[in-house]
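Quick one: the structure is below, and I'll ask about it shortly.
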């Protein structure tokens with residue numbers, strides 16, 4: 001299977017490879033035929049393989065519009081499914097689904113639904129561990145509100161974690177997006193929150209491992225009117 005590297009990863013991977021080559025070359029020259037050199041080589045291979053996995057771009061896509069279904073916008077593990085009061089955009093109760101991305105997950109982000117971007121903003125903040133509940137509100141993040149043609153609006157948050165210091169968002173207000181189209185990228189461990197109408201049918205459970213453009217998180221009810229501002 002062809003391994004495609006995400007555009008965000010090409011420069012970092014080159015830098016990592018150069019550093020590892022220099023370290024291992026030096027080790028072979030100074031400490032030939034030693035356990036240290038063998039261990040360093042093994043650790044270097046494992047580290048670079050992890051980096052490749054992190055920056056890979058999965059070749060997955062949906063066919064058709066799939067209106068009413070909510071795509072998992074990233075690979076990771078479900079760490080929250082709860083009813084919350086969303087006070088910034090909808091001013092009403094919403095179901096929040098949170099996906100935590102570890103260092104071993106590909107960190108590409110994809111659109112959870114088809115529709116039009118009605119709001120897109122970046123908010124500076126802290127860098128708490130992304131699996132903690134307070135990271136949803138206090139960490140640096142991007143807000144993306146997508147208005148669907150028939151099922152109301154949803155809010156997606158790209159949230160930076162303790163190590164992730166950069167959230168990249170590819171869409172802007174006014175863009176039309178399709179379910180499963182590129183949304184952005186978050187570097188190192190991080191999280192994505194999705195805020196859905198309370199009458200949505202949830203299709204995942206706590207602790208479940210999900211895959212972007214493969215797993216459906218929920219099914220939205222038709223004609224749900226949005227109150228997003």
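The values are calculated or read from the model by the stated rules, or taken from the named source; none is laboratory data. Worth saying up front: this structure is predicted, and the values here are computed from it rather than measured. Ideal geometry is used to build each Cβ from the backbone, glycine not excepted, and the neighbour counts take in all protein chains shown.
Okay, residues lined up against (1) farther than 12 Å from residue 155 by Cβ; (2) at pLDDT 80 or above; (3) touching a strand residue (DSSP E or B) at 6+ places or on another chain (Cβ under 9 Å):
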{"site": "81", "(1), (2), (3)": "yes, yes, yes"}
{"site": "84", "(1), (2), (3)": "no, yes, yes"}
{"site": "90", "(1), (2), (3)": "no, yes, yes"}
{"site": "93", "(1), (2), (3)": "yes, yes, yes"}
{"site": "96", "(1), (2), (3)": "no, yes, yes"}
{"site": "101", "(1), (2), (3)": "yes, yes, yes"}
{"site": "106", "(1), (2), (3)": "yes, no, yes"}
{"site": "111", "(1), (2), (3)": "yes, yes, yes"}
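A quick yes/no check of all residues on (1) exposed (fewer than 15 other Cβ atoms within 10 Å of the Cβ); (2) assigned to a helix (DSSP H, G or I); (3) touching a helix residue (DSSP H, G or I) at 6+ places or on another chain (Cβ under 8 Å); (4) without any contact (Cβ under 8 Å) to a residue 24 or more places away in the chain:
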residue	(1), (2), (3), (4)
15	yes, yes, no, yes
25	yes, yes, no, yes
38	yes, yes, no, yes
41	no, yes, yes, yes
49	yes, yes, no, yes
54	no, yes, no, no
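Being buried (at least 16 other Cβ atoms within 10 Å of the Cβ) and under 11 Å from the mean Cα position of the chain (by Cα): is that true of residue 114 here?
No; evaluated as a whole, the condition is false for this residue.
Determine, yes or no, whether residue 99 is surrounded by 24 or more Cβ atoms within 10 Å (Cβ to Cβ), assigned by TED's automatic domain parsing to the domain that holds residue 168, part of a strand (DSSP E or B) and under 17 Å from the mean Cα position of the chain (by Cα).
Details: surrounded by 24 or more Cβ atoms within 10 Å (Cβ to Cβ): yes; assigned by TED's automatic domain parsing to the domain that holds residue 168: yes; part of a strand (DSSP E or B): yes; under 17 Å from the mean Cα position of the chain (by Cα): yes.
Here the answer is yes, as residue 99 does meet what is asked.
Would a scan of the range 58-81 turn up a residue that is under 15 Å from the mean Cα position of the chain (by Cα) and over 18 Å from residue 192 (Cα atoms)?
yes
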